[in-house]
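Quick notes on the structure that follows.
The values are calculated or read from the model by the stated rules, or taken from the named source; none is laboratory data. The structure displayed is predicted, hence computed values, not measured ones. Glycine also receives a Cβ, built like all others from the backbone with ideal geometry; neighbour counts cover every protein chain displayed.
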Amino acid sequence: MSSCPHFFVMPYPILGHMNPLLQFSHVLATHGCKITFLITEFNQKRMKSETDHLGEHIKFVTLPDGLDPEDDRSDQPKVILSLRSTMPSKLHKLIQDINALGCDNKITCIVVSKNIGWALEVGHELGIKGAFLWPASATTLASFESIPRLIDEGIIDCQTGLPTRRQEIQLLPNSPMMDTANLPWCSLGKNFFLHMVEDTQSLKLGEWWLCNTTCDLEPGALAMSPRLLPIGPLMQTDTNKSWFWKEDSTCLYWLDQHPPQSVVYVSFGSLALMDPNQFKELALGLDLLNRPFLWVVRPNIDNNNNKETSDSYPHEFHGSKGKIIGWAPQKKILNHPSIACFVTHCGWNSIIEGVCGGIPFLCWPFFSDQFLNKSYICDVWKVGVGLEKDENGLISKGEIRKKVEQLVGNEDIKARSLKLKELTVDNSAEGGPSSKNLEKFINWAKDYNG
Ligand code: UDP
């Protein structure tokens, strides 16, 4: 009998899933577990070389994602369908090959993120138990679980997932009110909705639904199912290394030159794409601020044939108070004393990282669960404010300046942000509820292994 479980960890291949699953793998490794971590061949090519040296406990393996090199991997429905149709048989063989290496190497548990629930079916066929690590909020998971009820109650259409009429609903007790037009699947199209219905069914194959959250952040959602296990915040357990994309760390020295709580940090995660007019308005809005800003402009964020060109910025933009970088060491930035607030797309990982930094948020959601996450920030935890579009559907430069000033001058929000940080970070400390949950999960895997 081996006392060391071997986890096969498989994220859906976007950064917002790869990051938390790799952090989670690190935690498992510190508990003596062995990890095989699957990434797609496409993502492996983008990884930093240091990722090869993650220690003896974590081994990387790759499989193709089934797309051509030039295919657009920000097209989520396309990626989801490609993985679903090309990967299961390859995954089956890969796991068989790993298991054939010897008794001590046998995989004891598969952990997957959302959109690839079918991987647990592969595990099931091979007699391997599984768990989910849900990389979004527990409330988002609850919203997917609520789909049959929402259909029964005539709130959404069963074929498209779109609301039959626009209204405010509350998905769960203690969760914020939400506009049915902002249900997480509404911005992603019919195919995505139908896939999510199917994917949510395979949730049942996961013995545990691990979530990067805490009881204080989402008490209502966590009461939904005994399988839900909050293990967040995961970021507190990492070693501050970056694993995937190359970060521009020069901004940390730049931040060192600025007084406490003076810099506005602007970043929209790894996927959100901004309309060129909106991009220009944002640039002008940042220029209007009477304070320094650190702005992440991913090389493909300007919608300009995936090339960064100076034409993307308006002619009037001078940016003299700011620093623009292609990819940031975000967690370090959000813990830097010079940061005053975080202009964010409200991706769940960014939110957890911002909460752990005690930073107030200026919310600019783009799609999916980001609207729901914004409601938590603004209406439940009250640690941020939202940006409003004008009659042309743009967030104007004036609105950006007004809301930044409103936010950084709000002492109540600052105090609540620091309080929320304390509450949240304590969950992962030794003896805290999340670390106990993690131990429970590892012991379950060990028992199973025995
Ligand atoms: N991130 C980063 N550098 C950046 C922007 C983002 O390291 O310049 C990381 C961020 O720390 C987070 C992840 O990318 O862990 C983004 O995940 P999130 O769920 O916030 O958004 P998504 O990219 O999935 O929309």
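Give the number of residues within region 98-127 that are free of Cβ contacts under 8 Å to residues at least 60 places away in the same chain and of a type in the set (S, T, N, Q).
Looking only at that region, the number is 1.
Surrounded by 23 or more Cβ atoms within 10 Å (Cβ to Cβ) and under 16 Å from PRO233 (Cα atoms): does that describe ASN349? Lay out the reasoning, then the answer.
Numbers: surrounded by 23 or more Cβ atoms within 10 Å (Cβ to Cβ): yes; under 16 Å from PRO233 (Cα atoms): yes.
Yes: the conditions hold for ASN349.
For LYS331, only one of the following conditions fails: (1) surrounded by fewer than 20 Cβ atoms within 10 Å (Cβ to Cβ); (2) at pLDDT below 95; (3) part of a helix (DSSP H, G or I); (4) not acidic (Asp, Glu). What is its number?
In the conditions (1) surrounded by fewer than 20 Cβ atoms within 10 Å (Cβ to Cβ); (2) at pLDDT below 95; (3) part of a helix (DSSP H, G or I); (4) not acidic (Asp, Glu), LYS331 misses (1) alone.
Suppose we filter LYS419, LYS382, LYS446, LYS436 for residues that are in contact (Cβ under 8 Å) with a residue 12 or more places away in the chain and part of a helix (DSSP H, G or I); which single one remains?
Numbers: LYS419 fails: in contact (Cβ under 8 Å) with a residue 12 or more places away in the chain; LYS382 fails: part of a helix (DSSP H, G or I); LYS436 fails: in contact (Cβ under 8 Å) with a residue 12 or more places away in the chain.
Going through LYS419, LYS382, LYS446, LYS436 in turn, just one is in contact (Cβ under 8 Å) with a residue 12 or more places away in the chain and part of a helix (DSSP H, G or I): LYS446.
Based on this model, can you work out whether ILE325 counts as in contact (Cβ under 8 Å) with a residue 60 or more places away in the chain, within 13 Å of the ligand (Cβ to nearest atom) and touching a strand residue (DSSP E or B) at 6+ places or on another chain (Cβ under 7 Å)?
Values: in contact (Cβ under 8 Å) with a residue 60 or more places away in the chain: yes; within 13 Å of the ligand (Cβ to nearest atom): yes; touching a strand residue (DSSP E or B) at 6+ places or on another chain (Cβ under 7 Å): yes.
Yes; evaluated as a whole, the condition is true for this residue.
Looking at region 64-97, which of its residues are in a helix (DSSP H, G or I), in contact with a helix residue (DSSP H, G or I) (Cβ under 6 Å, 6 or more places away or on another chain) and more than 20 Å from TRP185 (Cα to Cα)?
PRO88, LEU91, HIS92
Restricting to region 333-353, and then to whatever is near the ligand (Cβ under 9 Å from one of its atoms) and not aliphatic (A, V, I, L, M), can you tell me which residue is nearest to THR139 (Cα to Cα)?
Let us first name the residues in region 333-353 that are near the ligand (Cβ under 9 Å from one of its atoms), namely 333-334, 344-353.
Cutting the leftovers down to not aliphatic (A, V, I, L, M) gives us 344-350, 353.
On the way: THR344: 19, HIS345: 17, CYS346: 14, GLY347: 13, TRP348: 11, ASN349: 14, SER350: 16, GLU353: 18 Å.
It comes out as TRP348.
Among the numbered criteria (1) closer than 27 Å to LYS414 by Cβ; (2) modelled with pLDDT of 95 or more; (3) under 21 Å from the mean Cα position of the chain (by Cα), which single criterion is violated by LEU229?
The failed condition is (1).
Filtering region 167-221 down to residues that are closer than 25 Å to LYS440 by Cα and either in contact with a His (Cβ under 8 Å, 6 or more places away or on another chain) or among the aromatic types (Phe, Trp, Tyr) (or both), which residue is modelled with the lowest pLDDT?
The first filter runs over region 167-221 and keeps only residues closer than 25 Å to LYS440 by Cα, leaving 200-221.
Within this subset, residues satisfying the condition of being either in contact with a His (Cβ under 8 Å, 6 or more places away or on another chain) or among the aromatic types (Phe, Trp, Tyr) (or both) are 205, 208-209.
On the way: LEU205: 90, TRP208: 96, TRP209: 96.
Per the criteria, the residue is LEU205.
Scan region 385-413 for residues that are outside any loop (DSSP other than H, G, I, E, B), of a type in the set (Asp, Glu) and in contact with a helix residue (DSSP H, G or I) (Cβ under 9 Å, 6 or more places away or on another chain) and jot them down. Before the answer, list the steps.
Residues of region 385-413 outside any loop (DSSP other than H, G, I, E, B): 385-386, 397-408, 411-413.
With the extra rule that they be of a type in the set (Asp, Glu), the set shrinks to 399, 405, 411-412.
Result: GLU399, single match.
Free of Cβ contacts under 8 Å to residues at least 40 places away in the same chain, surrounded by fewer than 20 Cβ atoms within 10 Å (Cβ to Cβ), in contact with a Pro (Cβ under 6 Å, 6 or more places away or on another chain) and not acidic (Asp, Glu): which single residue out of THR164, THR180 fits that description? Reasoning before the result, please.
Values: THR164 fails: in contact with a Pro (Cβ under 6 Å, 6 or more places away or on another chain).
Exactly one residue qualifies, and that residue is THR180.
Evaluate the following for LYS382: is it over 17 Å from the mean Cα position of the chain (by Cα), of a type in the set (D, E, K, R) and closer than 29 Å to PRO77 by Cβ? Walk me through it before giving the result.
On the way: over 17 Å from the mean Cα position of the chain (by Cα): yes; of a type in the set (D, E, K, R): yes; closer than 29 Å to PRO77 by Cβ: no.
No; evaluated as a whole, the condition is false for this residue.
TRP185: under 28 Å from HIS92 (Cα atoms) and of a type in the set (Phe, Trp, Tyr), yes or no? Lay out the reasoning, then the answer.
On the way: under 28 Å from HIS92 (Cα atoms): no; of a type in the set (Phe, Trp, Tyr): yes.
In short, no.
Among the residues of region 354-389, which ones are within 14 Å of the ligand (Cβ to nearest atom) and among the aliphatic types (A, V, I, L, M)?
Within region 354-389, VAL355, ILE359, LEU372, ILE377 meet the criteria.
Cβ-Cβ below 7 Å, separation at least six or inter-chain, first residue in region 17-36 and closer than 15 Å to CYS211 by Cβ, second among the small types (Gly, Ala, Ser) and buried (at least 24 other Cβ atoms within 10 Å of the Cβ): which pairs?
Hits for this filter: HIS17/SER113; LEU21/SER113.
For region 352-372, which positions are assigned to a helix (DSSP H, G or I), under 17 Å from ILE413 (Cα atoms), in contact with a strand residue (DSSP E or B) (Cβ under 8 Å, 6 or more places away or on another chain) and touching a residue at least 60 places away in the same chain (Cβ under 8 Å)?
Residue satisfying the conditions is GLY357 alone.
Filter region 17-49 down to the residues that are under 12 Å from LEU133 (Cα atoms) and within 13 Å of the ligand (Cβ to nearest atom) and list them by number. Walk me through it before giving the result.
Pass one, region 17-49, residues under 12 Å from LEU133 (Cα atoms): 17-25.
Selection gives HIS17, MET18, ASN19, PRO20, LEU21, LEU22, GLN23, PHE24.
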